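Here is the structure we will look at, set down as structure tokens.
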Amino acid sequence: MDIRLVNPFVEGLAGVFQAALGLTPRRCALRLESAGENGAVLTSFVSISGHVRGVVVLRLPPTTALRLVDRLRGTTSEEIDDDVIDAVAQIISMIADAAKTRLSCVPPLELGLPTVVHGRDYDMRYPTQSARLELPFDSDVGRFTMELAFGSS
């Protein structure tokens with residue numbers, strides 16, 4: 001995987017977390033493939049098309065998602081509801097947009113609409129012949145993972 005594609009997303013995540021959430025995410029050890037999740041997670045993703053095609057994914061345990069959303073909205077959330085889902089979609093959208101700005105491709109990359117899946121019984125499909133990288137993070141509100149998958153267009 002081309003590091004020139006990875007760094008803008010890592011920098012975008014750090015920028016969004018610092019500016020919008022008041023958090024400094026800490027990277028954990030890198031992995032090439034997910035070892036599998038135990039229990040339900042919120043999986044939020046945005047598709048990417050243009051010079052490269054792929055997807056950026058944010059996987060959040062429910063407690064981490066609730067705490068992130070509370071920081072974003074300045075509220076206290078007790079359960080995963082539509083407002084929490086919308087806020088998680090907003091977070092992944094901000095990360096993808098920040099990365100798009102940093103990549104400055106000509107023509108610019110196109111971003112799909114953010115989607116959020118809550119649960120554990122689903123099959124996430126990545127672009128055919130794409131390289132996939134899992135970037136685990138820790139923060140003051142919990143652990144989470146950003147995944148990147150890119151293939152040529």
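The values are calculated or read from the model by the stated rules, or taken from the named source; none is laboratory data. Because the structure is predicted, anything quoted here is derived from the model rather than measured. Note that we place each Cβ from the backbone using ideal geometry, even for glycine, and neighbour counts take in every protein chain shown.
Structure notes:
- Qualifying residue in region 135-153 (condition: in contact with a His (Cβ under 7 Å, 6 or more places away or on another chain) and among the hydroxyl-bearing types (S, T, Y)): yes
- When region 24-46 is filtered for residues that are crowded, with 18+ Cβ neighbours inside 10 Å and at pLDDT 90 or above, the ones remaining, listed by number, are P25, L42, T43, S44, F45, V46.
- Filtered by the rule that a residue be in a helix (DSSP H, G or I) and either touching a helix residue (DSSP H, G or I) at 6+ places or on another chain (Cβ under 7 Å) or crowded, with 17+ Cβ neighbours inside 10 Å (or both), region 92-151 gives I92, S93, M94, I95, A96, A98, A99, K100, R102, L103.
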